[in-house]
Structure formats: structure tokens, C-alpha cells
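S.K.: Before I ask anything, let me first share the structure, which is written out below as C-alpha cells.
The values are calculated or read from the model by the stated rules, or taken from the named source; none is laboratory data. Values in this document were obtained by computation on a predicted structure and should not be read as measured data. Cβ placement follows ideal geometry from the backbone for every residue including glycine, while neighbour counts extend to all protein chains displayed. To get the accessible areas, we keep the full protein, side chains included, count just its heavy atoms, and leave off ligands, DNA and RNA. Shrake-Rupley method; radii C 1.70, N 1.55, O 1.52, S 1.80 Å.
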Amino acid sequence: TWMDSIHLDIDSNYPGLFIPGAITVNCPLYLQGLWLACQNKGATFIQQEIDSLEALNNYDKIILATGAFVNNLLQDKLPVTPLKGQILELSWPSHLPPLRSAVNSIAYVLMSHTNKHCIVGSTYERSFTSLDPNVNFAKENILPKVYPLLPSLKQSTILNCRAGVRASTPNHLPIIKQLNSRCWAIT
């Protein structure tokens, strides 16, 4: 069966958690759907660069959902640290059935929607000088964690490397804070 073939390939010496009802969110598709729902309710999209909260003085309510860079807009800083993360996109071995759910342990592996490649990650870079992907750094930090989980991926080709910056807080929990009578931060 599918699970038997995967169990033969996964090293059980690494802790993990299986959540039968878990889903993986395709962020671009989710955001597209969210925007369509907002648009159907009459929302208007205005894109402009904001470098201070004063630039938003004409608005009744403000919600800052700016992630790791929220403090760029605030005088009273929130306990948020930028954390760079890189992922690799790998070809999926043709002899291995696609994963039906993500593997999340010392690294994570999740299938693409086409089942022809997978995403593996991630790095956790507290110190970085560039927001750009660095495939050599990503390989050195991700693949040694992924290969023990799925040794068949050693034969895979790296198709892409992506990088982003996420918000980290001291307790690793999100922050929802009212900053003044009309402004909230969610990060």
C-alpha cells in the first residue's frame, strides 16, 4: 500500500506528528481567493508604499499585517525579529509514490500540486545580509535534515530555491495588539 512504501523509505528515528485532518495551504492561491471574496464585498485595492503610520491618517481603521517588518512603521517597537527562511524545490523520484500529507520533523517535505516535485525546508537564519535566495547555503542546511527522513530524495534534482522573511517572537506566538484607538498590529 501507499503507507507501506513510504514507511520503508522514512527513517523512524526522527520524531514527528501525524495529523490526519491537516492541510497544506497554497498561500498564493489562498490570497487570490481571499482577495476575490473581498472584491465581491466591494473592497478596493490600493497599492502604495507606506513608510510611517502618519501616511495612513486619512483612514478610520488600520490593521498592520506586515509580518517581520512591522517595526519599520512603529515608534514603540513590538518584540518581533526578522527570521529568513529558505526552501528548496526538488524533483520527486519516479519510483516513489507521492506523499498524501506533509512530513514535518527535523525538516519538512510537502508535495507540489502536480505531484512531480516537492518542497523541502527550511532554514532559520537570524543573521543575514541579503533577502535573496542562496542555493548553496540552503542545500547545506536543509538537505542533511531531509535525506534521513526520505533517503530516496538523494537522487532528486534541485529545481528552485526561494527565500522569505518571517516574523519571530520570543515565545513563537503571534502578536495581536491594539496600538491606538484606530490601529492594530497582527503579526
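S.K.: May I have the count of lysine pairs in the chain with C-alpha atoms under 24 Å apart, counting pairs 8 or more residues apart or located on different chains?
M.R.: Pairs that pass both the separation and distance tests number 12.
S.K.: A further question follows. Can you list the HN-Hα couplings for segment 73-87, worked out from phi with the Karplus curve (6.51, -1.76, 1.60; θ = phi - 60°), rounded to whole Hz and with x for Gly and Pro?
M.R.: Per residue, the Karplus-derived 3J(HN,Hα) values read 9, 10, 7, 8, 6, 8, x, 10, 10, x, 10, 7, x, 10, 10 Hz.
S.K.: Among 131, 29, 90, which one shows the highest mean-square fluctuation when the chain is modelled as a Gaussian network with alpha-carbon springs under 10 Å?
M.R.: 29
S.K.: Right, next: Using a 10 angstrom cutoff on alpha carbons, build the Gaussian network for the chain and name the most mobile of 96, 83, 34.
M.R.: Greatest mean-square fluctuation among the candidates belongs to 34.
S.K.: Placing unit charges on C-beta atoms (Lys and Arg positive, Asp and Glu negative, everything else neutral), compute the dipole magnitude of segment 47-187 about its Cα centre in debye, rounded to 20.
M.R.: 520 debye
S.K.: Moving to a separate point now. Only Cα pairs within less than 10 Å get springs; with that Gaussian network setup on the chain, which residue of 81, 129, 169 has the largest fluctuation?
M.R.: 129
S.K.: Using a 1.4 Å probe on the protein heavy atoms, what percent of the accessible area of the chain belongs to carbon and sulfur?
M.R.: That fraction is 55 percent.
S.K.: Name the trypsin sites (Lys or Arg not before Pro) in segment 83-143 that are in a loop by DSSP and that have at most 16 other C-beta atoms within 10 Å, would you?
M.R.: Hits after loop and neighbour filter: 100, 116, 126.
S.K.: Report, in whole Å, the centroid distance computed from the Cα atoms of segment 130-167 and segment 52-96.
M.R.: When both Cα centres are located, 22 Å separates them.
S.K.: Below 8 Å, C-alpha to C-alpha, sequence gap of six or more: please give me the relative contact order for the chain in percent. Don't skip to the end; give the middle numbers.
M.R.: On the way: 272 pairs, mean separation 55.1, N = 187.
Result for the chain is 29 percent.
S.K.: In the set [x] 13.7; [y] 11.9; [z] 10.1, which value of mean projected area of the Cα convex hull in nm² was calculated from the structure you see?
M.R.: [x]
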